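Enquirer: Structure incoming, see below.
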Amino acid sequence: MTDKKVITVNEIPFGPVAWGRSKILVGPTATHPGLALAEHIRVGVTEYNPDTPHEPHAHPGQEEVIWVLSGRGYTETHGERQDLFPGALAYIPSGLEHKTAAVGAPMTAIIMKSPAADATGKVS
């Protein structure tokens, strides 16, 4: 996993998730020949469907960054919502329960997690 790679993001297909669609671009598994393999970080793009939050969850032993490219939404922790909008970046510390959703229209964000798998070995 030491080769440099340039990825053409638009050539990587999205896959469905309960709250929209997502694609992993960099990570420990390759489901498309254009992906970059990496041991310590996972980077993807998620398009959240409006008003379809994912269930509250946490990533033990794994930090998460949500960088909003387009649309509007929120991230919620312990009942406290913080607005998300283009240019906003949310940092989720390891193990903190949270949920994220788009409001009114789809929201697209770059999702970065490190390490690539959480403390249970899950890559999501």
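The values are calculated or read from the model by the stated rules, or taken from the named source; none is laboratory data. Predicted model only: the values in this text are computed from it and were never measured. Glycine gets a Cβ as well: all are built from the backbone with ideal geometry, and neighbour counts include every protein chain shown.
Enquirer: Under 8 Å between Cβ atoms, at least 6 apart or on separate chains: pull out the pairs that start in the stretch 1-17 with a residue that is under 12 Å from Pro33 (Cβ atoms) and part of a loop (DSSP other than H, G, I, E, B) and end on any residue that is at pLDDT below 90 and among the small types (Gly, Ala, Ser).
Expert: Lys5/Ala36; Ile7/Gly34; Ile7/Ala36; Thr8/Gly34; Ile12/Gly34
Enquirer: Still on this structure, I have one more. Looking only at residues that are over 15 Å from Ile111 (Cβ atoms), outside any strand (DSSP E or B) and not polar (S, T, N, Q) in the stretch 29-40, which one is modelled with the lowest pLDDT?
Expert: Taking the candidates together, the pick is Ala30.
Enquirer: Let me ask something additional. Step by step: first the residues of the stretch 79-97, then only those that are free of Cβ contacts under 8 Å to residues at least 24 places away in the same chain and either touching a strand residue (DSSP E or B) at 6+ places or on another chain (Cβ under 9 Å) or closer than 19 Å to Arg21 by Cα (or both), then the one that is surrounded by the fewest Cβ atoms within 10 Å (Cβ to Cβ). Which residue is that?
Expert: Filtering the stretch 79-97 for residues free of Cβ contacts under 8 Å to residues at least 24 places away in the same chain gives 79-83, 85-88.
Going one step further and asking which of them are either touching a strand residue (DSSP E or B) at 6+ places or on another chain (Cβ under 9 Å) or closer than 19 Å to Arg21 by Cα (or both), we end up with 81-83, 85-88.
Working: Arg81: 13, Gln82: 13, Asp83: 12, Phe85: 13, Pro86: 13, Gly87: 9, Ala88: 16.
The extreme case among them is Gly87.
Enquirer: So how many residues does the stretch 102-120 have that are touching a strand residue (DSSP E or B) at 6+ places or on another chain (Cβ under 7 Å) and assigned to a loop (DSSP other than H, G, I, E, B)? Full working, then the answer.
Expert: Initial filter on the stretch 102-120 (touching a strand residue (DSSP E or B) at 6+ places or on another chain (Cβ under 7 Å)): 102-114, 116.
Of the ones still in play, those that are also assigned to a loop (DSSP other than H, G, I, E, B) are 103-106, 116.
So the count comes out to 5.
Enquirer: Only residues that are of a type outside the set (Phe, Trp, Tyr), in a strand (DSSP E or B) and out of contact with any Ser or Thr (no Cβ under 9 Å at 6 or more places or on another chain): list them for the stretch 61-79, please. Before the answer, list the steps.
Expert: In the first step, residues of the stretch 61-79 are kept if they are of a type outside the set (Phe, Trp, Tyr); the result is 61-66, 68-73, 75-79.
Add one more test, that the residue is in a strand (DSSP E or B), and what stays is 63-66, 68-70, 73, 75-77.
Within the stretch 61-79, just Thr77 meets the criteria.
Enquirer: Separate question: Any residue at all in the stretch 58-67 that's at pLDDT 90 or above, buried (at least 17 other Cβ atoms within 10 Å of the Cβ), farther than 18 Å from Pro115 by Cα and under 12 Å from the mean Cα position of the chain (by Cα)?
Expert: no
Enquirer: Given (1) buried (at least 16 other Cβ atoms within 10 Å of the Cβ); (2) in contact (Cβ under 8 Å) with a residue 60 or more places away in the chain, where does Thr29 come up short, assuming only one miss?
Expert: For Thr29, the exception is condition (1).
Enquirer: Moving on. What single numbered condition from (1) basic (Lys, Arg); (2) within 16 Å of the chain's Cα centre (by Cα); (3) modelled with pLDDT under 95 fails to hold for Lys4?
Expert: (2)
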